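One structure below.
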Amino acid sequence: METMRPAAKSVRMQSLHWRVHIYHQGNKLWLQQRPATGIWASLWTPPVEAFTPEKNVRPDLVHQLTHRHLHLYTQWRDDQPDGEGAWFAPDEAPAVPTGIRRLLESSVRGLKTVPTFGNLRGL
């Protein structure tokens, strides 16, 4: 006898727009540890802030998570970072989330002076 399974609940995808602040000195990258809960809990990323983009501004990368689309926008910064964090060379850096690694890889392609973040490991 066949058993009927209840229909799976449809989960609505949520779109989040995050500005990722990239601070670098030579080949060192400023990373901060994320909060213990939420997206990318306790992982290290550049500083990130939620924002509402202007119309017709396209993200640098859309990274899909289970129930979210993260629209990531790169903001290269020349000033000094605020808050807690640390400078890491690529071979010293903790593993970063895959979406951040892909954003960094795609962002450096158009730069004339390219910081070398290629050794960053993604999770």
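The values are calculated or read from the model by the stated rules, or taken from the named source; none is laboratory data. Predicted model, so just to flag it, every value in this text is computed and none were measured. Don't worry about glycine lacking a Cβ; one is built from the backbone with ideal geometry, like all the others, and counts go over all protein chains shown.
Numbers below:
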{"quantity": "Tally of residues being within 18 Å of residue 80 (Cβ to Cβ) and either free of Cβ contacts under 8 Å to residues at least 40 places away in the same chain or not in a strand (DSSP E or B) (or both) across the range 1-55", "calculated": "6"}
{"quantity": "Considering residues of the range 45-86 that are out of contact with any helix residue (DSSP H, G or I) (no Cβ under 7 Å at 6 or more places or on another chain) and of a type in the set (Val, Ile, Thr) only, the residue surrounded by the most Cβ atoms within 10 Å (Cβ to Cβ)", "calculated": "48"}
{"quantity": "Residue in the range 56-65 that is part of a loop (DSSP other than H, G, I, E, B) and touching a residue at least 60 places away in the same chain (Cβ under 8 Å) present", "calculated": "no"}
{"quantity": "Residue selected from the range 15-44 under the condition among the polar types (S, T, N, Q) and farther than 18 Å from residue 91 by Cβ, by the criterion surrounded by the fewest Cβ atoms within 10 Å (Cβ to Cβ)", "calculated": "37"}
{"quantity": "Residue list for the range 66-78, filter: more than 15 Å from the chain's Cα centre (by Cα), touching a residue at least 12 places away in the same chain (Cβ under 8 Å) and closer than 17 Å to residue 29 by Cβ", "calculated": "77"}
{"quantity": "Pairs with Cβ under 8 Å, 6+ apart, first in the range 88-116 and at pLDDT 85 or above and of a type in the set (Lys, Arg), second surrounded by 15 or more Cβ atoms within 10 Å (Cβ to Cβ) and not in a loop (DSSP other than H, G, I, E, B)", "calculated": "102/61; 102/63"}
